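**Q** Handing you a structure now.
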Ligand code: NDP
Ligand code: OXD
């Protein structure tokens, strides 16, 4: 049974080395070198080209080489019966929380202004921000823990309205607007699905407090771009930190690149750790090998 990595444009050499170290006998293939395609039962994919799964007749499971599965759940070349899983381990969640804390603290303590000013005139920080998290899954819960450890007030929004650890949680359309209204820092950690596409729109943005911070680490298509540009010009939010975009890489001439209140990072909020990824992927592969359902399979109809 062969294991295939399909990740065009991504350097997977460290991951391949970890997979081989942890599973010395592994029949590992790296697209586009398929070898005998009929032996491939497990694929680990990121930016998989359209139609590629159609060439794999014995495929039993496809794992996302990341936490998001939006590029995999709804594809014509992937039969509905093939489980889609993901790699969303504690290292990835901690890494994402570190990025969110860093971007929040930079804004809260006005570090960007202070570090560029040579006049030794300390600027007072903004008041301790109230944090709003859209999405309380693996990533959202870890972020909540990180912000709470700084004694910041945290609330969230999810589909079920349920949360652990006494975290205040909203749900539904009205709950979304309520959460935005009490979030000095609003962070999008939702998966991209039919229900969440375009969720960051004029209505949501108008509910934000003036001089607030929006951070999007979910997916670019969560944001209606022209609504965000208009909202920034109106000061709600005062700044947007954007890590994910409809088109990646973000084109050089995109308006986000030259907007003074937009901070762009190139989809680096959390970087897959090769060791964690290899361990999680091999645990899934071993289940497939013995005919058991793989852990961390998503609901392909719900989209996450
Ligand atoms: P999970 O699947 O663990 O959690 C998803 C959360 O979103 C759940 O709380 C769920 O609610 C909520 N949700 C889903 N649909 C809706 C809806 N329609 N309305 C309200 N809430 C909804 O995902 P993760 O936390 O692991 O990851 C989230 C996303 O973060 C990924 O899909 C990916 O896009 C992004 N990501 C980005 C990274 C980066 O580097 N930029 C790195 C890692 C992840 P409920 O709990 O009620 O089911
Ligand atoms: C993602 C990831 O899903 O980087 O964006 O894991």
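What follows draws every value from the coordinates through simple rules; no lab data is involved. Here the structure is a predicted model, which means the values were calculated and not measured. We place every Cβ from the backbone using ideal geometry, glycine too, and count neighbours over all the protein chains shown.
**Q** Which FRET efficiency value, to the nearest 0.05, is calculated for residue 177 and residue 10 with the Förster distance at 45 angstrom and r the Cβ-Cβ distance?
**A** Numbers: r = 38 Å, r/R0 = 0.84.
So the FRET efficiency works out to roughly 0.75.
**Q** Restricting things to alpha carbons, find the Rg to Rh ratio for the stretch 193-246 using the Kirkwood radius for Rh.
**A** 0.94
**Q** Could you state the angle between the C-alpha long axis of helix 13-22 and the longest principal axis of the C-alpha atoms of the chain, as a value from 0 to 90 degrees rounded to the nearest 10?
**A** 60
**Q** Using a 10 Å cut-off on Cβ atoms, rank the peptides 44-50, 74-80, 62-68 from the highest mean neighbour count down.
**A** By packing density, highest mean first, the sequence is 62-68, 44-50, 74-80.
**Q** Still on this structure, I have one more. Restricting to DSSP H runs of at least four residues, report the calculated mean residue ellipticity at 222 nm for the chain, -39500 (n - 2.57) per run over all residues, nearest 500 deg cm²/dmol. Don't jump to the answer; show the numbers that get you there.
**A** On the way: 9 runs with 89 residues, N = 304.
Taken over the chain, the calculation gives -8500 deg cm²/dmol.
**Q** Shifting gears a bit: On the Cα set of the stretch 23-134, report Rg and Dmax in Å, please.
**A** Final numbers for Rg and Dmax: 22.4, 68 Å.
**Q** Something else now. Let me know the Kirkwood hydrodynamic radius for the chain, please, with Cα pairs as the basis and the value in Å to one decimal. Mind dumping the intermediate values first?
**A** Numbers: mean 1/r = 0.0485 Å⁻¹.
Every distinct Cα pair counted, the radius reaches 20.6 Å.
**Q** Assign one of three labels to the stretch 81-194, namely rounded, prolate or oblate, based on the Cα gyration tensor with a ≥ b ≥ c the square roots of its eigenvalues; rounded applies when a/c is under 1.5, prolate when it is not and a/b is larger than b/c, and oblate otherwise.
**A** Prolate.
**Q** Using only the Cα atoms of the stretch 149-292, what do you get for the radius of gyration and for Dmax, in Å?
**A** That works out to 17.6, 57 Å for Rg and Dmax.
**Q** Additional query: Could you tell me what percent of the DSSP beta bridges with both partners in the chain are antiparallel, to the nearest 5? Can you show the working numbers first?
**A** Working: 1 of 39 bridges.
So the antiparallel bridges in the chain amount to around 5 percent.
**Q** Right, next: Take the stretch 130-197, drop everything but the C-alpha atoms, weight them equally and run the Debye formula without solvent; then report log10 I(q)/I(0) at 0.16 Å⁻¹ to two decimals.
**A** -0.46
**Q** For a quick check, take a GNM of the chain with Cα springs below 10 Å and name the residue from 183, 119, 160 with the largest mean-square fluctuation.
**A** Maximum fluctuation in the GNM of the chain, among the listed residues, is at 119.
**Q** Something else now. Using only Cα atoms and rounding to the nearest 10 degrees, what angle (0 to 90) does helix 274-289 make with the longest principal axis of the chain?
**A** For helix 274-289, the angle is close to 40 degrees.
**Q** Please determine, in degrees from 0 to 90 and to the nearest 10, the orientation of helix 138-148 with respect to the longest principal axis defined by the Cα atoms of the chain, where the helix direction is its Cα long axis.
**A** 30
**Q** In the stretch 76-109, which residues have a backbone nitrogen under 18 Å from the label point lying 7 Å from residue 58's Cα in the Cα-to-Cβ direction?
**A** Correct set: 79, 82-83.
**Q** Can you tell me the order of 284-295, 126-137, 193-204 when each peptide is scored by its average per-residue count of other Cβ atoms within 10 angstrom, highest first?
**A** Working: 284-295: 14.6, 126-137: 20.8, 193-204: 17.0.
Answer by packing, highest mean first, reads 126-137, 193-204, 284-295.
**Q** Next question. For Cα pairs less than 8 Å apart in space and 6+ apart in sequence, what is the mean separation divided by the residue count of the chain, i.e. the relative contact order in percent?
**A** 18
**Q** Compute the length gained on full extension between residue 210 and residue 283: take 0.36 nm times their separation in residues and subtract their Cα-Cα distance, giving the result in nm to one decimal.
**A** Stretched out fully, the residue 210 to residue 283 stretch lengthens by 21.6 nm.
**Q** At 7 Å along the Cα-to-beta-carbon direction for both residue 165 and residue 94, put a label point, then send me their distance in nm to one decimal.
**A** Label-label distance for residue 165 and residue 94, simple model: 1.4 nm.
**Q** Among 124, 237, 57, which one shows the highest mean-square fluctuation when the chain is modelled as a Gaussian network with alpha-carbon springs under 10 Å?
**A** 124
**Q** May I ask you to derive the relative contact order of the stretch 239-304, considering only C-alpha pairs under 8 Å and at least 6 residues apart, and to give it as an integer percent? It would help to have the intermediate numbers written out before the result.
**A** On the way: 39 pairs, mean separation 17.0, N = 66.
26 percent.
**Q** Same structure, new question: Can you give the relative contact order of the stretch 142-294 as a percent, counting alpha carbon pairs under 8 Å and 6+ residues apart?
**A** With pairs under 8 Å counted, the relative contact order is 15 percent.
**Q** Distances over 17 Å make up what percent of all Cα-Cα pairs in the stretch 1-73?
**A** Counting pairs separated by more than 17 Å, the tail of P(r) holds 39 percent.
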